[in-house]
Structures are given as C-alpha cells and as structure tokens.
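Asker: Please read through the structure below; I'll follow up with questions.
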Amino acid sequence: MKFIYEANRIYINDDREQMIAEITFPLVGDNIVDLDHTYVSNVLRGQGIAGKLMEEALKVIEKNGWKANTSCSYAAYWKDEHPNKAEFFNQV
C-alpha cells in the first residue's frame, strides 16, 4: 500500500489508479490546518487504514510546524483516543 502525498492531502489508489482512501487537511490560518475529511473505501475498512492516514498526516503537520483542528468526526475520535499526540492539535 503506497501513500501518495499532495499539498494538504494524502491518499491511496488501487491498481486501477482509483482513489480508495484519503485524508485532507487544508490550511485555515497561520500554521493551522483542519483535518476535515477522512475516507476509506469499503474494501479497506476494518484494516486500520484511517488511523494510518492520520499518522501520515501528523508527520506532515509536525514537519511543517502546524497545529491541527479536527472538523472530521473520525479525526476528532482519533485525537481523543491518542492523548499522547495532543501536541499536534489545537486545544478547543
């Protein structure tokens, strides 16, 4: 499984180059991104792919010195389940 990185987006394509998983995190302020969308195709659900996308997004966020908001319900859930990653998130 190969992650593809774009500005403020990480995704996975299948063998036919169709997107089957993604996370988006647009800039919404000075050094602030919003984890606003996470999608995983039915064929990949239950394999921890959304969590892996979150981990990859946090690597990008850390590298750029950003903080993240979580308007995506999965991102908010993941944040709550990983208090050891709190430094990457804005405290709301």
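Asker: Based on what the data block shows, is residue 56 more than 22 Å from residue 86 (Cβ to Cβ), acidic (Asp, Glu) and modelled with pLDDT of 95 or more?
Answerer: For residue 56, the condition - more than 22 Å from residue 86 (Cβ to Cβ), acidic (Asp, Glu) and modelled with pLDDT of 95 or more - is not met.
Asker: Could you list all residues from segment 1-11 that are of a type outside the set (Phe, Trp, Tyr) and either surrounded by 15 or more Cβ atoms within 10 Å (Cβ to Cβ) or under 17 Å from residue 75 (Cα atoms) (or both)?
Answerer: If the condition is that a residue be of a type outside the set (Phe, Trp, Tyr) and either surrounded by 15 or more Cβ atoms within 10 Å (Cβ to Cβ) or under 17 Å from residue 75 (Cα atoms) (or both), then 8, 9, 10 are the ones that fit.
The values are calculated or read from the model by the stated rules, or taken from the named source; none is laboratory data. Predicted model only: the values in this text are computed from it and were never measured. Quick reminder, even Gly has a Cβ in these numbers, built from the backbone with ideal geometry, and neighbours come from all protein chains shown.
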